[in-house]
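Notes to accompany the following structure.
The values are calculated or read from the model by the stated rules, or taken from the named source; none is laboratory data. This structure is a prediction, so every number in the text was calculated from the model and none was measured. Counting neighbours? That spans all protein chains shown, and the Cβs are built from the backbone with ideal geometry, glycine included.
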Amino acid sequence: MIKNILVPYEGSPLSKKALDLAKVIARNFVADLTILMVIPVYYPIHDSVFAGAAVTNYQEIVKTLKQQGEKELEKVVQKCKEGGTKASYKIVYDDVSNAILKQAKKSRTDMIVMGSRRLTGVSSIKRLGSTARHVSEHAQCPVTIVH
């Protein structure tokens, strides 16, 4: 039985496509949908001349990203609810794939639905981005990857 679905979301076309699929699954199973936005962690070089400026600028960037993310996710959650899907969102600061895995474990996720990364050229042979690959290899629940 699927009760909790996690959708990593950053607003890209593939994350929107994954969200659309997750909404259908959530409605069919009467499951809760959690939309996760991850702001990647940046580690400035502490012993460089630029470390202080890098940290200050990064804090401003994180603040702006969080504000923009909340605006976007509030709209997305509202649309989910209007379509009959129980949804909520969470924004975290972490390594992206590890944040997805941590949230899945913490919220006892039954399924992760996420977009793959569209690669071109030789990279397209791999078919999955590093985040999708890492999550699919380490998740303790089924992972559906949308192409």
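Points worth noting:
- The combined condition, being of a type in the set (D, E, K, R), surrounded by 14 or more Cβ atoms within 10 Å (Cβ to Cβ), at pLDDT 90 or above and more than 19 Å from Ala18 (Cα to Cα), is fulfilled by Asp95.
- Candidate set: region 26-51, residues that are of a type in the set (Gly, Ala, Ser) and either at pLDDT below 95 or part of a loop (DSSP other than H, G, I, E, B) (or both); chosen: the one farthest from Pro142 (Cα to Cα): Ser48
- Only one of the numbered conditions (1) out of contact with any helix residue (DSSP H, G or I) (no Cβ under 8 Å at 6 or more places or on another chain); (2) at pLDDT 95 or above; (3) not acidic (Asp, Glu) is not met by Lys23, and that is (1).
- Test: Lys102 is surrounded by 14 or more Cβ atoms within 10 Å (Cβ to Cβ), modelled with pLDDT of 95 or more, closer than 23 Å to Arg133 by Cβ and out of contact with any Lys or Arg (no Cβ under 9 Å at 6 or more places or on another chain): yes
- Tally of residues being closer than 29 Å to Tyr42 by Cβ, surrounded by 21 or more Cβ atoms within 10 Å (Cβ to Cβ) and modelled with pLDDT of 95 or more across region 105-119: 4
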